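Below you'll find the structure, written out as structure tokens, and then a few comments.
The values are calculated or read from the model by the stated rules, or taken from the named source; none is laboratory data. Predicted model, so just to flag it, every value in this text is computed and none were measured. We place every Cβ from the backbone using ideal geometry, glycine too, and count neighbours over all the protein chains shown.
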Amino acid sequence: MATHTLDELLTLHEPNTHEFRVLLKATAFEGGPGGALLDVRMTVDLGWDTYDREIVIFQLFHCPPDVRGEGPEGGLIEGKRVRIEARLDDALAREHFAGADAEAVAARLLELSESDPQHVLLETESWFALTVTQALDLPPDAPSEASLREGYRTTWADAPTVSR
């Protein structure tokens, strides 16, 4: 899967049009033969309060408790930033990103965030949470490039397709 790494603010919205900002960390793209299967992903960082509202309370990104796998969900550390890796609905991926690449996905999402923040590609329910993690604190003697994350996977992470 080809990945494009970045660090840009992105506006997403709930189905009721409430907008919120996240930090777009990466986009990923994998195309199947003849565009039959596209796997389009984004990785976003959000603050604890946004996570609490979007995932815990409103169960957005198709993330109700019954799809959350084993992991420290109850043990996520309140106040720490949360990272979500999410996959775009398959039909929307085919419609909007056939023939694209990871960089084009990022460019399109950022452009829509400025020009049309209510676009369906920026709606939380167009995306399926695959993993929800937080960075763990490392000992002072850990290499500077080292990182470790803990969290949970959803059942969507193992699904061959995702569709709303």
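E73 is checked against (1) closer than 22 Å to R149 by Cα; (2) of a type in the set (D, E, K, R); (3) at pLDDT 90 or above; (4) surrounded by fewer than 20 Cβ atoms within 10 Å (Cβ to Cβ) and fails just one. What number does that condition carry?
Every listed condition holds for E73 apart from (3).
Can you tell me which residue among T27, T43 is hydroxyl-bearing (S, T, Y) and within 15 Å of T124 (Cβ to Cβ)?
T43 is the lone residue from the list that is hydroxyl-bearing (S, T, Y) and within 15 Å of T124 (Cβ to Cβ).
Taking segment 53-68 as the search range and keeping residues that are in contact with a helix residue (DSSP H, G or I) (Cβ under 7 Å, 6 or more places away or on another chain) and assigned to a loop (DSSP other than H, G, I, E, B), which one is nearest to E14 (Cα to Cα)?
Out of the qualifying residues, it is L60.
If T133 meets every condition in (1) in a loop (DSSP other than H, G, I, E, B); (2) within 22 Å of G71 (Cβ to Cβ) apart from one, which number is that one?
(1)
Enumerate the pairs (first residue in segment 1-24 and farther than 12 Å from L122 by Cβ; second residue anywhere and of a type in the set (F, W, Y) and assigned to a strand (DSSP E or B)) with beta-carbon separation below 6 Å, excluding pairs fewer than 6 apart on the same chain, so at least 6 apart or on different chains.
Sorted first by the residue in segment 1-24, then by its partner, the pairs are A2/F29.
Which of the residues belonging to segment 115-124 are without any contact (Cβ under 8 Å) to a residue 60 or more places away in the chain and surrounded by fewer than 21 Cβ atoms within 10 Å (Cβ to Cβ)?
S115, D116, H119, V120
Which residue, of R153, R94, R149, R83, is under 18 Å from A2 (Cα atoms) and either exposed (fewer than 13 other Cβ atoms within 10 Å of the Cβ) or among the charged types (D, E, K, R) (or both)?
Of R153, R94, R149, R83, the one residue that is under 18 Å from A2 (Cα atoms) and either exposed (fewer than 13 other Cβ atoms within 10 Å of the Cβ) or among the charged types (D, E, K, R) (or both) is R94.
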